[in-house]
Amino acid sequence: MKCAICRNGATESGHTTVVLENDRTTLVFKNVPAEICNNCGEEYISSDTNKALLNHARAELSRGITLEMLSYAV
């Protein structure tokens, strides 16, 4: 896919780190599958990956976590 930000690069499969924060909790997800622009480095995650991250985040919030580093797993 062509990068929507720089409009010059193409995206390639890779992995990234995603940080989700709210007023009381910070969650860091490592090794999240993403498409990454080979020109500017912009990262794109799929809607399925986004849904999985948000579901995992909700579960962590219900446990009362304030800071957590997690490895992404489908």
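Whether any residue in the range 49-65 is within 13 Å of HIS15 (Cα to Cα), surrounded by 17 or more Cβ atoms within 10 Å (Cβ to Cβ) and modelled with pLDDT of 90 or more is what I want to check.
Checked the range 49-65: at least one residue is within 13 Å of HIS15 (Cα to Cα), surrounded by 17 or more Cβ atoms within 10 Å (Cβ to Cβ) and modelled with pLDDT of 90 or more.
Might you check whether a residue that is among the aliphatic types (A, V, I, L, M) and surrounded by fewer than 16 Cβ atoms within 10 Å (Cβ to Cβ) occurs anywhere in the range 23-30? Looking through the range 23-30, at least one residue is among the aliphatic types (A, V, I, L, M) and surrounded by fewer than 16 Cβ atoms within 10 Å (Cβ to Cβ). Taking each residue of the range 61-74 that is touching a residue at least 40 places away in the same chain (Cβ under 8 Å) and looking for partners that are in a strand (DSSP E or B) and among the polar types (S, T, N, Q) with beta-carbon atoms closer than 8 Å, six or more apart or interchain, yields THR66/THR26; LEU67/THR26; GLU68/THR26; SER71/ASN31; TYR72/ASN31.
Just so you know, in the range 23-52 the residues that are of a type in the set (S, T, N, Q) and touching a residue at least 12 places away in the same chain (Cβ under 8 Å) include one that is farthest from LEU70 (Cα to Cα), and it is ASN39.
The values are calculated or read from the model by the stated rules, or taken from the named source; none is laboratory data. Since this is a predicted model, take the numbers as computed values, not measurements. Quick reminder, even Gly has a Cβ in these numbers, built from the backbone with ideal geometry, and neighbours come from all protein chains shown.
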